[in-house]
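Some notes on the structure that comes next.
The values are calculated or read from the model by the stated rules, or taken from the named source; none is laboratory data. Values in this document were obtained by computation on a predicted structure and should not be read as measured data. Heads up, the Cβs are rebuilt from the backbone with ideal geometry, glycines too, and the neighbour counts pull from every protein chain shown.
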Amino acid sequence: MTGDGGNMAYNSRIEGFRQNEFPMLRDEVYLDHAGTTLYAKSLVDKFAADMTSNLFGNPHSASFSSQTSTSRIEDVRLRVLQFFNADPSEFDLVFVSNATAGIKLVTEAFRGHALGFDYLYHQACHTSLIGVREEATHNHCLDNAGVDSWLGGTNPFTDLSHHDSPLLVAYPAQSNMDGSRFPLEWADQFRRSQAASHRPTFTLLDAAAFVATSPLDLSNSETAPDFTVLSFYKMFGFPDLGGLIVRRQAAPIFRSRKYFGGGTVDMVVCLREQWHAPKSQALHESLEDGTLPIHSIIALDSALDVHRRLFISMKDVSSHTSFLSQRLYDGLATLKHSNGQPVCLIYSQPSLTSKQVGTPLGNGPVVSFNLQNHLGGWISLVEFEKLAVLKKFHVRTGGLCNPGGIANALNLAPWEMKRNFSAGFRCGTDNDIMSGKPTGVIRVSLGGMSTISDVDRFIAFIIEFYLTENIPEFISPALVPDPPSLPNMSVKGITVFPIKSCGGFHIPTGVAWEVRAEGLAWDREWCLVHRGTGQALSQKRHPRMALIRPVIDFSKGQLRVSYFGPLLQKILPEVAVPLSANPSLFQASMTSNPMASRVCGEEISAQIYTSREVNDFFTAALGVPCALARFPPGGLGNSMRHAKAHLQKHQKVNRRSQCMIPCQFPGMDTPPDSDSESERQRILLSNESPILAINLSSLEALNRLLTEQGGKAVSPEVFRANIVVGPLTAGSQRFAYSEDHWSSLRIGQQDFKMLGSCRRCHMICIDQETAEKNEEPFVTLSKTRRFDGKVFFGTHMCHLPSPNTSTKETQFPTISVGDKVLVDPV
Ligand SMILES: *Cc1c(COP(=O)(O)O)cnc(C)c1O
């Protein structure tokens, strides 16, 4: 698929540039916001040369270095205005930290107006524009039809008529949600729409998404927006800086702005008299509070140079990205499951052929969509992202800070969004399909650095993983095997993970290990928390945690910890803390601890160790400022957590035995019924349930798939199970995944209840010996063990204490390696 209409010279220029300048990132496919991450070698080299051959001082002094900064900043200001064809006598550019800061600066002016202001905003607005409404006296949101009728002279909003206060109208040049574009002419048309009523009307154009890949032409100052905001990092990747372009005719509104700061005032009198004179020479001087980000502004010079050398012009970027996004759109839109069901529901318009709001603007180079299976079911965005990350695609998913656009695309009514919120949905949570509707989208956003191969690789990825005929049936035994027909099984290994997310401690053969309602003794009782945020660290983010290996040493009464990874600095070979929870080792009173800890987003109160020696050990091992914390059993309130595991839909549970098992847990006030007990099962710091078990027959089946494709078999360690069970003899693949249908286990003398399959993420791709990250086994599992979009391996379970507590085995329940395992004993 080459040579069909694109600018091949452009494409190969970018291919070459990426090979040269991003050799380490060759496999990464950057599809998030323009991908114009230019802060490659050329830009950084150019900027570094500038920085090392000039001394840039703080402006506003007479020194040479200060003068250099001032004049360079003014040169860049002019150069940026010229980039947008904006005549400096008609426009001024105010440097701000990002587009949002530009919006806030405009809002400050209107808020300060003696009569207040009214606000109209388009439905496609970014969250940062919606927030302006909270400062307005009256506000309304308009969709396209609303804009048409407003521009046609109708004002349906009675609260907006007969006012002398200014009216501010805001809309995006391009939606960051789906790439739809809105006409530049609106700016002028809105202003004129109120001419008859003499209401002062101003327009605010959010060009942040638009200017990343399109030329913005402000050559006609009569029709231009009054305020245009943008972010330079979206155009160039670097520097992190924003701009507010003000049409000088609208400048007087800034006289209403009340705040002044260092840099924006000429004289201030305090104490007995309060008086100040705002800077009045140049508009930008009166608006740039505090010291300017001097070096960032100067870096824009290098960014503009490299941009011109590489892309020639914004028109070239625009036509290249339109071509690419049309190719992506066509590629995704034509994908069908074998039963004819489309794979993608696309919310964006095709980029080259669409005509929106009567203007041939095309669509921005953005394709937003959701994936559906062959039965029309939605694919969870969280699950999609896990795979995309492993396959090195950088894509945004979720609500994208565009609530109006999302509600419109997904057809979510306000009551539905509020219901989802009350039901626990938040930006970035796991459960993203609510009441049969997706709550966000997948957004692929192309830019000047994107290439044909990026697009083709993404389409191939969707075909490989989301087209049903490419996905074998979910591997799960069709029939629930009769427990007696299962092979004889035994416990092959028992492991506890004393410190959450760190290495495991293998229980030696012959040692009887205590099982408790919360799980195996000493499992996940400790964790490492970030010293700044209190967040529990996870191996997902810090793979080297696997190389921190704790040992439970009963003879010394200690948890001893060593680190087996690469080191940047010298650390102790080992640290130890007592197994007994001596209160003097922890930070003072938990109630006075101002910082709560968080595990999996859940607030907990863990006790944080004060020992510098211990905390420095972990900090040095991981290169992250962290502290050891303990979450002992038996806590209350935030010191208590509950299991979240539950039976999954693919599991056919053998009801026969389920009801016969006594369900009594210590510390529970009501006898649980079979549906609620798993919800209430206490856990310590494990993610979901007290105990995780895997079946070696299933691992054998998985490893056969892996090796058949030429891959490496994975070790059972990657699943971080507490209990590994397996048949006494090898070659038991036909019992693979039979655990999906088990409802209970007897291990030795102890009974356990199954709580549901374990949902997996790419943490299983971390080799627990080396801390290296691979694609497997997640990729193969997601082709063979994906159900409802989720990937499963292993099973959650909990211990069932015996109602009879008169024997040694029931008073102190234990299991050992080698114990016989019975499935669903009656
Ligand atoms: C990114 C973006 C913003 C916000 O920009 P910041 O630089 O993060 O403040 C606003 N509007 C649109 C359309 C955007 O794409």
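Name the single residue, out of those in the range 405-416 being over 24 Å from F458 (Cα atoms) and more than 20 Å from the chain's Cα centre (by Cα), that is farthest from the ligand (Cβ to nearest atom).
Residue satisfying both the conditions and the ranking: W415.
Take the range 762-778 and flag every residue that is within 17 Å of T707 (Cβ to Cβ) and either touching a His at 6+ places or on another chain (Cβ under 9 Å) or modelled with pLDDT of 95 or more (or both).
E775, F778
For the structure I just gave you, tell me whether V441 is modelled with pLDDT of 80 or more and touching a strand residue (DSSP E or B) at 6+ places or on another chain (Cβ under 6 Å).
Judged against the criteria, V441 is a match.
I604 passes all but one of (1) surrounded by 15 or more Cβ atoms within 10 Å (Cβ to Cβ); (2) at pLDDT 80 or above; which number fails?
(2)
State whether one or more residues within the range 79-96 are more than 16 Å from the ligand (Cβ to nearest atom), out of contact with any Asp or Glu (no Cβ under 7 Å at 6 or more places or on another chain), without any contact (Cβ under 8 Å) to a residue 12 or more places away in the chain and not acidic (D, E).
yes
Does L184 satisfy the condition of being more than 13 Å from the ligand (Cβ to nearest atom), assigned to a loop (DSSP other than H, G, I, E, B) and under 23 Å from C401 (Cβ atoms)?
Here the answer is yes, as L184 does meet what is asked.
Across the range 783-826, which residue is surrounded by the fewest Cβ atoms within 10 Å (Cβ to Cβ) among those that are in a loop (DSSP other than H, G, I, E, B) and among the charged types (D, E, K, R)?
Across the range 783-826, the extreme among qualifying residues is D788.
Residues that are within 20 Å of G519 (Cα to Cα) and either in contact (Cβ under 8 Å) with a residue 12 or more places away in the chain or under 32 Å from the mean Cα position of the chain (by Cα) (or both): does the range 769-778 have at least one?
Looking through the range 769-778, none of the residues is within 20 Å of G519 (Cα to Cα) and either in contact (Cβ under 8 Å) with a residue 12 or more places away in the chain or under 32 Å from the mean Cα position of the chain (by Cα) (or both).
Which residues, taken from the range 208-250, are more than 13 Å from the ligand (Cβ to nearest atom) and of a type in the set (V, I, T)?
Correct list: T223, I245, V246.
Do any residues in the range 129-145 that are over 18 Å from K104 (Cα atoms) have Cβ atoms under 9 Å from those of residues that are of a type in the set (S, T, Y) and at pLDDT 95 or above, where the two are at least six apart or on different chains, and which pairs are they?
So the pair list comes out as H140/Y119; H140/Y121; C141/Y121; L142/Y121; L142/Y171.
How many residues are over 22 Å from E135 (Cα atoms) and either within 16 Å of the ligand (Cβ to nearest atom) or not in a loop (DSSP other than H, G, I, E, B) (or both) if we restrict to the range 251-266?
Of the residues in that region, 2 qualify.
Somewhere in the range 182-199, is a residue within 30 Å of L352 (Cβ to Cβ), in contact (Cβ under 8 Å) with a residue 40 or more places away in the chain, of a type outside the set (V, I, T) and touching a Pro at 6+ places or on another chain (Cβ under 8 Å)?
yes
To keep it simple, each residue is scored yes or no on (1) under 20 Å from L400 (Cα atoms); (2) part of a loop (DSSP other than H, G, I, E, B); (3) basic (K, R); (4) away from the ligand (no atom under 16 Å from the Cβ).
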residue: A124; (1), (2), (3), (4): yes, yes, no, no
residue: S128; (1), (2), (3), (4): yes, no, no, no
residue: G131; (1), (2), (3), (4): yes, no, no, no
residue: N139; (1), (2), (3), (4): no, no, no, yes
residue: S149; (1), (2), (3), (4): no, no, no, yes
residue: N155; (1), (2), (3), (4): no, yes, no, yes
residue: D159; (1), (2), (3), (4): no, no, no, yes
